[in-house]
Structure formats: C-alpha cells, structure tokens
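Structure first, commentary second.
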Amino acid sequence: MIQLVEHGWGGDDASFRQFFTSQFVPDGTPEQHRWFNELERMSASPANAARLLRTMYEVDVTADLPAVACPTLVLHASGDLRVPFGEGRLLAGAIAQARFVPLDSRNHLMLEHEPAWQRWTEEVAQFMGIRREAVVDPARLAVLTPRERELIELIAQGRDNAQIGAVLGLSDKTVRNHITSIFAKLEVENRPQAIVLARSAGLGGAGLA
C-alpha cells in the first residue's frame, strides 16, 4: 500500500487513490468517491501520505490503554474494510471507562444516507452532552453574514479549517476569526455543537458525513 501511495497518490489517475477510497467508503455514491479521491490528493503529498502510513503501522499504544482514565467512546463499523472490527473491540476492552458501540456498516466513515449514521450521531451527541433538537428553524441562521453562511455550510459537511480556507480562498487566521464569530452568534461552544445545529437546520447535505 505504501508503494501504491508513492507511485500514484499525486497523479491525475484517481485509480491509485480509489483503492483507499473503496476501503474508507465502499458504499459511497460515485460522487462521494470522486470527492474523497480529490480530498486525498489535496490533503497530502505522496511523500507525506506514505510517511503517515509508515508511522501508523509502527505505532502500538496497547500497553498504554489501561492508563486512560477519562470516559471514552469507541464506535466501529462491524464490516469496516479499512480497520478490522476486532481492533475497535480491543481498544475499548483495554480502557476502563470505555463504551463500545458496533455500527451496522461497511464504511470506515459514516455516510448520512445509511442507517448507521443516525446511531453514530446519537451516540456522539449523548457522549458529548449535546441536546439534540429534531429540527432547527433555519431562521436561527439569519444572524450570520453571507460569508459566515458559506463557512457554516462547509463546517456542516465536515471540512476542517484548511479545507475551508482552500475552498473560499481565505487564510487560516481569517477562517478562525469567522468561526469564532459564528460560534458566538449561534451560541454554541464548539465545532461538534455547530455541526449538529447546522445539519439539523438542513445544511451540509452535499458532503461526506
């Protein structure tokens, strides 16, 4: 897999990256596959992607897991093609305060059109103490400027600050300033709360969950 990354990750032929996309979201739509293929290319150079894989293969934190003392939530797709299901069970079993939740899916990344997405969002919201509303009035977002509306849409799609900056042509500092303003106006404390609110208002439907 590392050689595959080194030889084909950064090229125009997406078939090299499709190998990994098919592991992360095997049940994704063709549009989602194209989007994830491009995200892979944009997010890391071939050298850095290969270096990341090598490092991940060498890391083993098993011996340190009993020292984790905070509440922990481990969610793992039962048919995960990227990371074996048994690894999630092993992780949760070695942490004293861990809750293990199996998800009925083959996708390593949950997609909003599959039943497991609802379970995933409910478990994460409960773990983080987020009060979920069935529907949020879109008018609540009227306090945002047009630029802030663009940002909250991308946040709801799961984009990180670097991706938002690339899409909108903004510096990292400008993105952070906009996000601070958005959180204050919507009266949310963090990104997960903002995502829950935005998606409940109907935003973020175009991207990967």
Notebook entry, point to check: Taking neighbour Cβ counts within 10 Å as the exposure measure, how do SER22, SER200 sort from fewest upward?
Noted result: SER22, SER200
Next item on the list: Please give the net charge around HIS108, taking every other residue with its beta carbon less than 9 angstrom from that of HIS108, where Lys and Arg add +1 and Asp and Glu add -1.
Entry: +1
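Could you tell me the relative contact order of the chain? Use alpha-carbon pairs under 8 Å, at least six residues apart, and round to a whole percent. Don't jump to the answer; show the numbers that get you there.
Working: 243 pairs, mean separation 36.6, N = 209.
So the answer I get is 18 percent.
How much mean residue ellipticity at 222 nm does the chain get from its helices, if each DSSP H run of length 4 or more adds -39500 (n - 2.57) and you divide by all residues, to the nearest 500 deg cm²/dmol?
The helix contribution divided over the chain gives -16000 deg cm²/dmol.
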Next item on the list: Determine, for GLU38, GLU31, the number of other Cβ atoms within 10 Å of each Cβ, and report the residues in order from fewest to most.
Entry: GLU31, GLU38
Item checked: Computed E for THR72/GLU112 - FRET, C-beta separation, R0 30 angstrom, nearest 0.05 -> 0.75
Checklist line | Order by protection proxy (mean Cβ within 10 Å, highest first), peptides 167-177, 55-65 | finding: 167-177, 55-65
Check: Mind listing the phi-derived Karplus ³J(HN,Hα) values for segment 38-52, rounded to whole Hz, using 6.51, -1.76 and 1.60 with θ = phi - 60°, and x for any glycine or proline?
Finding: 5, 4, 4, 5, 6, 7, 7, 6, x, 5, 6, 5, 5, 5, 5
Item checked: Whole-Å distance, taken between Cα centres, linking segment 1-63 and segment 70-120 -> 20
Note to self: Whole-Hz ³J(HN,Hα) for each residue in segment 14-31, computed from phi via Karplus 6.51 cos²θ - 1.76 cosθ + 1.60 with θ = phi - 60°, x for glycine and proline: what do you get?
What the structure shows: 6, 4, 5, 6, 4, 4, 7, 4, 5, 7, 6, 9, x, 9, x, 6, x, 5
Note to self: I need the Debye-formula profile for the chain: one equal scatterer per C-alpha, no solvent, reported as log10 I(q)/I(0) at q = 0.11, 0.13, 0.18 1/Å, two decimals.
What the structure shows: -0.64, -0.91, -1.43
Notebook entry, point to check: Applying the Karplus parametrisation 6.51 cos²θ - 1.76 cosθ + 1.60 with θ = phi - 60° to the phi angles of segment 116-127, what ³J(HN,Hα) value in whole Hz is obtained for each residue in order, glycine and proline being reported as x?
Noted result: 5, 4, 4, 5, 4, 5, 5, 5, 5, 4, 5, 4
Next item on the list: Taking H placed 1.01 Å from N in the peptide plane, check which residues at least 5 places from LEU103 or on another chain put their amide H under 5 Å from its amide H.
Entry: HIS76, ALA77, SER78
Next item on the list: Please arrange LEU109, LEU73 by counting, for each residue, the other beta carbons lying within 10 Å of its beta carbon, fewest first.
Entry: LEU73, LEU109
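Just so you know, all these numbers are worked out from the coordinates, no wet-lab data involved. All values reported here derive from a predicted model rather than from experimental measurement. Ideal geometry is used to build each Cβ from the backbone, glycine not excepted, and the neighbour counts take in all protein chains shown.
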